[in-house]
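Worksheet: the structure to be examined is printed underneath.
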Protein chains: 2
Amino acid sequence: MTGKLRIAVGLSGCGVYDGSEIHEAVLTLLAIDRNGASYQCFAPDIPQVQVVNHLTGKASQETRNVLVESARIARGSIKDLREYRAADFDGLIFPGGFGAAKNLSSFAFDGSDCTVNDAVAHAIRDTKAAGKPIGALCIAPAVVAKVLGRVDLTIGSDPGTAAALEAMGAHHRKAGHGEVVVDRAAKVVTTPCYMLDSTISQIAQGAEAVVKALLTLAREG
Amino acid sequence: MTGKLRIAVGLSGCGVYDGSEIHEAVLTLLAIDRNGASYQCFAPDIPQVQVVNHLTGKASQETRNVLVESARIARGSIKDLREYRAADFDGLIFPGGFGAAKNLSSFAFDGSDCTVNDAVAHAIRDTKAAGKPIGALCIAPAVVAKVLGRVDLTIGSDPGTAAALEAMGAHHRKAGHGEVVVDRAAKVVTTPCYMLDSTISQIAQGAEAVVKALLTLAREG
């Protein structure tokens with residue numbers, strides 16, 4: 001394979017409590033660029049399930065759109081996730097934040113009985129069917145587990161969340177800061193990031209490690 | 001001086017077109033942590049001047065609060081800028097984004113005739129009076145220029161913006177990616193970041209360089 005690898009990044013809003021965790025999202029973009037690949041951000045064009053005031057932690061009465069708010073992280077350069085085609089990319093990665101568990105799926109409310117947004121489920125299945133790798137940070141592995149079922153992954157070490165992943169058919173493996181669980185057969189790479197109490201440097205370390213693992217799988221083709 | 005240096009980070013919202021530029025803000029926090037210092041985010045508790053849809057680039061009719069939106073970048077750990085006391089910190093730094101030129105000041109609308117938010121002006125003057133260093137990225141040096149007047153700084157190479165800084169009494173010096181202009185007498189450090197056409201890796205490089213320069217001045221006391 002020649003030329004830059006092209007990675008699609010699936011965002012879920014802008015802010016840890018109702019969207020993509022901003023540090024994880026930015027440091028994923030940085031890791032992709034620093035490792036010589038290019039990125040294109042995507043998000044579903046749907047209303048946010050909640051808008052949370054990040055100063056008070058309380059839900060507000062506002063309404064916001066996931067694609068429009070994700071565009072803040074992407075500096076406007078973002079596409080509707082329905083336009084994603086696995087054929088155009090070498091891998092797909094989802095940063096974490098409650099947006100993955102509220103907007104991309106209903107995992108925050110329904111646990112292992114959650115549903116997954118159609119465009120998100122299609123993007124994951126399309127990538128898997130194309131034999132290309134999928135990455136997920138923090139709580140985003142829950143979305144991958146719901147769609148793919150039998151896959152090895154990590155959300156760190158929280159027992160309740162790990163049990164919910166297992167109830168969806170996944171095999172949870174504990175992981176610490178900067179550690180990546182690689183399922184070579186399913187081509188899925190995951191890392192805990194803010195599912196553990198972390199400094200921002202540890203998030204950078206986790207994002208770098210999971211992106212490197214994703215790019216390695218992508219190069220193996 | 002023993003212990004970690006403590007750096008205050010002045011945010012202006014969450015998103016390049018109406019708030020803090022998110023990549024610059026996150027990569028400033030990362031650089032502070034990676035270089036062994038600690039950070040505390042601050043923002044003024046005021047309405048945003050505009051809310052811009054980052055997908056379309058158009059201003060919307062929504063109203064948002066600068067402190068509340070900045071809390072997204074800070075993961076909720078943020079204080080009203082009026083609570084900032086230079087005595088509690090070793091330096092103060094402002095990431096860029098239009099928020100610096102719309103919310104922290106009116107530079108985007110009024111150029112060299114701009115006004116600066118009272119809490120922002122007080123924070124800058126208090127830091128200067130305490131003999132502590134001030135950093136600014138991207139367009140944020142315009143705010144520092146308006147408050148301090150005679151200071152050497154950079155916003156990259158844009159002639160119109162540079163002329164506006166000079167009209168406020170500052171001396172503009174051209175700088176490229178990752179380059180920092182240090183005014184040792186005024187203890188002001190600046191770097192262009194997204195005032196130049198940049199990759200996210202170049203923003204990381206600029207944030208790292210300006211934070212390192214800030215910490216060096218802070219250690220010199």
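The values are calculated or read from the model by the stated rules, or taken from the named source; none is laboratory data. Because the structure is a prediction, the values reported are computed rather than measured. When we count neighbours, we look across all protein chains shown, and the Cβ atoms used for this are built from the backbone with ideal geometry, even at glycine. Please note that ligands, DNA and RNA were not included when accessible areas were found on the heavy atoms of the full protein model with its side chains. Shrake-Rupley method; radii C 1.70, N 1.55, O 1.52, S 1.80 Å.
Given a 1.4 Å probe, how much area per residue of segment A:90-133 is accessible, in Å²?
35 Å²
Under the rule of -39500 (n - 2.57) per DSSP H run of 4 or more residues, summed and divided by the residues of chain B, what mean residue ellipticity at 222 nm is obtained, to the nearest 500 deg cm²/dmol?
Per the formula, -10500 deg cm²/dmol.
Shielding of B:22-29 by partners, i.e. mean partner chain Cβ atoms within 10 Å per residue?
Average neighbour count from other chains, rounded to a whole number: 6.
Tally up the carbon and sulfur contribution to the accessible surface of the protein assembly as shown as a whole percent, 1.4 Å probe, everything protein left in place.
48 percent
Report the calculated FRET efficiency for A:R125 and B:D113 (r = Cβ-Cβ distance, R0 = 41 Å), to the nearest 0.05.
After rounding, the FRET efficiency stands at 0.15.
Using protein chains only and a probe of 1.4 angstrom, how many square angstrom of A:Y17 are accessible, to the nearest 10?
About 80 Å², rounded to the nearest 10.
For the pair B and A, how large is the buried accessible area, both sides, in square angstrom to the nearest 100, if the probe is 1.4 Å?
So the buried area, both faces added, is about 3200 Å².
Non-local amide H neighbours of A:S105 (under 5 Å, H modeled in plane, Pro and chain starts lacking H): which ones?
A:N117
Which whole-number value in Å³ per residue fits the convex hull of the alpha carbons of segment B:6-220?
103 Å³
Could you name every residue in segment A:74-99 that has 20 Å² or more less accessible surface in the full protein assembly than in its own chain alone (probe 1.4 Å, ligands and nucleic acids excluded)?
A:R75, A:G76
Within 13 Å, Cβ to Cβ, of B:A167, how many net charges do the neighbouring residues add up to if Lys/Arg are +1 and Asp/Glu are -1?
-1
Span-like helices, chain A: DSSP H, alpha-carbon axial extent 15 Å or more, mean Kyte-Doolittle -1.0 or greater, which ones?
Passing helices, by number: A:22-34, A:118-129, A:200-220.
Label segment B:1-68 by shape, choosing from rounded, prolate and oblate, from the square roots a ≥ b ≥ c of the eigenvalues of the Cα gyration tensor; if a/c is under 1.5 it is rounded, and otherwise prolate applies when a/b is larger than b/c, oblate when it is not.
oblate
Under unit Cβ charges (Lys, Arg +1; Asp, Glu -1), what dipole magnitude, rounded to 20 debye, does segment A:1-87 have relative to its Cα centre?
300 debye
Under 18 Å from the 7 Å Cα→Cβ point of A:Q61, by amide nitrogen: which residues of segment B:24-64?
B:61-64
Can you work out the Karplus-derived ³J(HN,Hα) for every residue in segment A:46-63? Use 6.51 cos²θ - 1.76 cosθ + 1.60 with θ = phi - 60°, whole Hz, and x for glycine or proline.
Values per residue, Gly and Pro as x: 9, x, 5, 5, 9, 10, 10, 5, 6, 7, 9, x, 9, 5, 10, 8, 5, 10 Hz.
Within 10 Å of each Cβ in peptide A:51-60, how many partner chain Cβ atoms are there on average? Round it to a whole number, please.
4
So how far, in whole Å, is the C-alpha centre of segment B:113-133 from the one of segment A:49-93?
Centre-to-centre distance over Cα atoms comes out at 35 Å.
Counting Lys and Arg as +1 and Asp and Glu as -1, what is the net charge of the other residues whose Cβ lies under 15 Å from the Cβ of A:P141?
-1
What FRET efficiency would be calculated for the residue pair A:D158, A:D88, taking the C-beta separation as r and a Förster radius of 35 Å, to the nearest 0.05?
0.50
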